[in-house]
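The structure appears right after this line, and notes come after that.
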Amino acid sequence: MLVDTEGLYFEATRAVLARVGVELGPELFVDLSLRRGRSVFEPVRGALDAREIEALRSARNALYAERLAAGVPALEGVEPVLAALHGRVAMGVVTSSNPEHFELIHRGTGLLRYFDFVLTNRDTERSKPDPAPYLAALERARLGPEACIAVEDSERGLAAARAAGLRCLVAPRSLTRGGRFDGAFAVVDGPRELAAALAALVG
């Protein structure tokens with residue numbers, strides 16, 4: 001929960017699918033991508049062949065990168081939370097973004113200096129909601145799940161964290177508000193509540 005880029009990703013995907021006459025609504029996007037971790041190009045499977053779908057994916061990635069390059073602000077209030085934890089606990093980023101998009105996202109945020117490591121979607125064979133990314137993070141941090149806390153903003157992220165045995169704080173963002181976060185350690189509204197919840201857990 002460092003930036004809110006899902007809206008940009010959704011809009012880039014919707015724009016590309018519109019080129020082939022497919023309308024992607026926010027409800028379907030949230031269900032496919034942010035709840036189930038499935039490809040947002042599933043609606044055109046069967047109508048298009050694999051080569052055409054890959055072309056759409058490439059076009060979406062290029063459009064998304066273009067929008068990210070315009071600048072993505074860090075969420076208000078997040079940096080003080082990270083600064084308060086820096087040096088007290090090990091921190092890592094476990095993201096479903098690819099490395100190129102992640103670099104664009106954080107080119108101007110200044111937040112990565114607070115983290116000990118970053119894992120992108122190319123560091124594991126499976127992505128969230130599979131636990132593989134968090135299991136890889138536990139291995140990198142050399143910690144057991146009982147010693148760690150995940151912070152997520154989507155149902156797929158919560159599912160991945162729980163499957164890896166982690167307690168998970170959920171801070172929903174624009175597209176994930178209204179999601180079902182059963183099993184979350186707590187659901188918080190914004191950085192202030194997140195900071196309080198983390199302070200109580202970290203001690």
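For segment 67-74, does any single residue satisfy the condition of being buried (at least 16 other Cβ atoms within 10 Å of the Cβ) and assigned to a helix (DSSP H, G or I)? Scanning segment 67-74, I find at least one residue that is buried (at least 16 other Cβ atoms within 10 Å of the Cβ) and assigned to a helix (DSSP H, G or I), so the answer is yes.
Give the residue that is surrounded by the most Cβ atoms within 10 Å (Cβ to Cβ), with candidates limited to residues of segment 159-177 that are closer than 16 Å to residue 198 by Cβ and at pLDDT 95 or above. Full working, then the answer.
First, pick out the residues of segment 159-177 that are closer than 16 Å to residue 198 by Cβ: 161, 166-171.
Going one step further and asking which of them are at pLDDT 95 or above, we end up with 161, 166-170.
Details: 161: 30, 166: 24, 167: 16, 168: 23, 169: 24, 170: 24.
By that ranking, first place goes to 161.
Checking the condition more than 23 Å from residue 194 (Cβ to Cβ), surrounded by 14 or more Cβ atoms within 10 Å (Cβ to Cβ) and not assigned by TED's automatic domain parsing to the domain that holds residue 156, which residue from 48, 34 passes?
Exactly one residue qualifies, and that residue is 48.
Within segment 154-187, the set of residues being within 19 Å of residue 8 (Cβ to Cβ) and either free of Cβ contacts under 8 Å to residues at least 60 places away in the same chain or out of contact with any helix residue (DSSP H, G or I) (no Cβ under 8 Å at 6 or more places or on another chain) (or both) comprises 157, 172, 177.
Among residues of segment 1-28 that are under 19 Å from residue 94 (Cα atoms), those with a beta-carbon under 6 Å from a residue that is surrounded by 14 or more Cβ atoms within 10 Å (Cβ to Cβ) and aromatic (Phe, Trp, Tyr) at least six positions away or on a different chain give the pairs 9/64. The number of residues in segment 183-200 being out of contact with any Leu (no Cβ under 8 Å at 6 or more places or on another chain), more than 16 Å from residue 158 (Cβ to Cβ) and not basic (Lys, Arg) comes to 6.
Could you grab me the full set of residues in segment 75-84 that are surrounded by fewer than 16 Cβ atoms within 10 Å (Cβ to Cβ) and part of a helix (DSSP H, G or I)? Break it down into steps so the answer makes sense when it comes.
First, pick out the residues of segment 75-84 that are surrounded by fewer than 16 Cβ atoms within 10 Å (Cβ to Cβ): 76-77, 80, 83-84.
80, 83, 84, listed by residue number.
Each residue in segment 154-170 was checked for being in a loop (DSSP other than H, G, I, E, B) and either of a type outside the set (A, V, I, L, M, F, W, C) or under 12 Å from residue 130 (Cβ atoms) (or both), and 3 pass. Of the numbered criteria (1) free of Cβ contacts under 8 Å to residues at least 40 places away in the same chain; (2) charged (D, E, K, R); (3) not in a helix (DSSP H, G or I), the one residue 139 fails is (3).
Do we find a residue being crowded, with 20+ Cβ neighbours inside 10 Å and small (Gly, Ala, Ser) anywhere in segment 129-138? Checking segment 129-138: at least one residue is crowded, with 20+ Cβ neighbours inside 10 Å and small (Gly, Ala, Ser). Of the residues making up segment 89-114, just one is closer than 26 Å to residue 143 by Cα, in a helix (DSSP H, G or I) and touching a helix residue (DSSP H, G or I) at 6+ places or on another chain (Cβ under 7 Å), namely 114. When residue 153 is tested against (1) charged (D, E, K, R); (2) over 25 Å from residue 83 (Cβ atoms); (3) buried (at least 20 other Cβ atoms within 10 Å of the Cβ), only condition (2) is not met. Annotation note: of 134, 64, the sole residue that is of a type in the set (Ser, Thr, Tyr), closer than 21 Å to residue 161 by Cβ and in contact (Cβ under 8 Å) with a residue 12 or more places away in the chain is 134.
Scanning segment 6-62 for residues that are over 18 Å from the mean Cα position of the chain (by Cα) and part of a helix (DSSP H, G or I) yields a count of 19.
The values are calculated or read from the model by the stated rules, or taken from the named source; none is laboratory data. Being a predicted model, the structure only gives us computed values, none of them experimental. Neighbour counts are summed over all protein chains in view; Cβ atoms, including those assigned to glycine, are modelled from backbone coordinates with ideal geometry.
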